[in-house]
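Peer 1: This structure is in structure tokens; I'll ask about it shortly.
The values are calculated or read from the model by the stated rules, or taken from the named source; none is laboratory data. Just so it is clear, the model here is predicted, and its values are computed rather than measured. Neighbour counts run over all protein chains shown; Cβ positions are idealised from the backbone, glycine included.
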Amino acid sequence: MSIVVSWDMNGVVFAVLSSIFWGFNGILLRKGFESSNVISGTFTVVSVTYTLLFLLALPKISYVVFDPLKISMLAVAGVVSYAVGRMFTYSSVASIGSSRAFSGTSTRILFSAILGVVFLGEEIELRVALGTALIVLGLYTFSTEGISLRGLIFSVVGGLSYGIAALFIKMGMLGDPVISTFIAASFGFAALFALTYAMKGIRFERNLYLIISGISLAIGNLCYYIALSTAPIVIVVPLSNLYPLVTTFLSFLLIKRLEMVRLRTFIGSALTVFGSIAIAS
């Protein structure tokens with residue numbers, strides 16, 4: 001007796017996988033930054049991710065019809081996401097820990113919803129208001145832990161960057177999501193290269209944790225786009241946004257020495273995640 005798996009089920013599996021790989025990315029970053037600075041560490045992670053995306057996109061690139069306007073949209077998305085978003089997020093990881101930083105970046109869905117209302121004419125609904133309240137409560141819970149307020153703000157700025165990038169990716173998506181991701185990453189990597197060069201931090205770290213983190217990020221991104229191509233966005237986005245809970249749980253299990261994860265940390269993470277899920281559903 002054969003078992004037939006629906007496309008939606010494949011989408012669910014890949015969406016969950018993206019959360020798991022992004023979650024591992026968080027704790028690997030925390031370990032990597034123990035012996036590396038944020039600037040060169042960010043450059044290392046993005047370099048590895050970009051290299052893998054290049055290898056995946058290379059066989060397909062000749063089959064895609066390129067639209068200059070869409071390319072420009074993807075370029076903006078790449079710069080905002082890889083250069084600005086990663087730098088703020090990874091600075092936050094080094095400051096307040098991966099569990100709190102990644103929970104802060106889950107505000108990307110809130111910002112995407114707000115930007116969709118402002119620029120795409122989408123309607124705001126009760127679920128957005130409810131989700132916003134939960135996210136704000138979750139961030140407030142983190143602020144009562146005595147952590148760096150600056151680090152928490154940096155994580156939210158990272159979330160804002162990813163929210164802006166999502167808007168431009170939505171408008172600039174080409175026929176193949178892998179090619180679209182690669183094009184955005186190309187412009188983002190170029191911008192990050194220039195930024196790290198200006199900050200005298202352009203150095204590839206021979207740090208195993210950061211290298212594996214870059215691989216984990218690339219695989220997570222790939223799983224996310226596969227999920228989007230096989231299942232409705234209302235299924236994929238909430239499941240993929242479970243990564244802060246994965247990071248918090250793994251931090252509690254694997255890096256207790258580096259990151260103090262308390263009950264309050266789990267509560268704050270759960271509130272921000274469920275708030276973002278409420279908005280995306």
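Peer 1: Within segment 134-151, work out how many residues are out of contact with any helix residue (DSSP H, G or I) (no Cβ under 6 Å at 6 or more places or on another chain) and among the hydrophobic types (A, V, I, L, M, F, W, C).
Peer 2: Total meeting the criteria: 3.
Peer 1: Can you find, within segment 13-68, the residue that is surrounded by the fewest Cβ atoms within 10 Å (Cβ to Cβ) among those that are assigned to a loop (DSSP other than H, G, I, E, B) and out of contact with any helix residue (DSSP H, G or I) (no Cβ under 7 Å at 6 or more places or on another chain)?
Peer 2: V65
Peer 1: When you go through (1) among the hydroxyl-bearing types (S, T, Y); (2) touching a helix residue (DSSP H, G or I) at 6+ places or on another chain (Cβ under 7 Å); (3) in a loop (DSSP other than H, G, I, E, B) one by one for S95, which number turns out not to apply?
Peer 2: So S95 meets the others, but not (3).
Peer 1: Report yes if some residue within segment 241-254 is under 21 Å from G172 (Cβ atoms) and either of a type in the set (V, I, T) or under 13 Å from the mean Cα position of the chain (by Cα) (or both); otherwise report no.
Peer 2: Checking segment 241-254: not a single residue is under 21 Å from G172 (Cβ atoms) and either of a type in the set (V, I, T) or under 13 Å from the mean Cα position of the chain (by Cα) (or both).
Peer 1: Residue pairs, Cβ under 8 Å, 6 or more apart or interchain, first in segment 64-82 and over 12 Å from T181 (Cα atoms), second among the acidic types (D, E) and modelled with pLDDT under 90. List them.
Peer 2: V64/D176
Peer 1: Working only within segment 178-212, note down all residues that are within 23 Å of L110 (Cβ to Cβ) and in a loop (DSSP other than H, G, I, E, B).
Peer 2: Step one: filter segment 178-212 for residues within 23 Å of L110 (Cβ to Cβ), giving 181, 184, 188.
Result: no residue meets the conditions.
Peer 1: Sticking with this one: For segment 163-200, name all the residues that are under 16 Å from T42 (Cβ atoms) and surrounded by fewer than 16 Cβ atoms within 10 Å (Cβ to Cβ).
Peer 2: A194, Y197, A198, M199, K200
Peer 1: Could you check G175 against (1) over 24 Å from Y63 (Cα atoms); (2) outside any helix (DSSP H, G or I); (3) among the small types (G, A, S) and say which number it fails?
Peer 2: (1)
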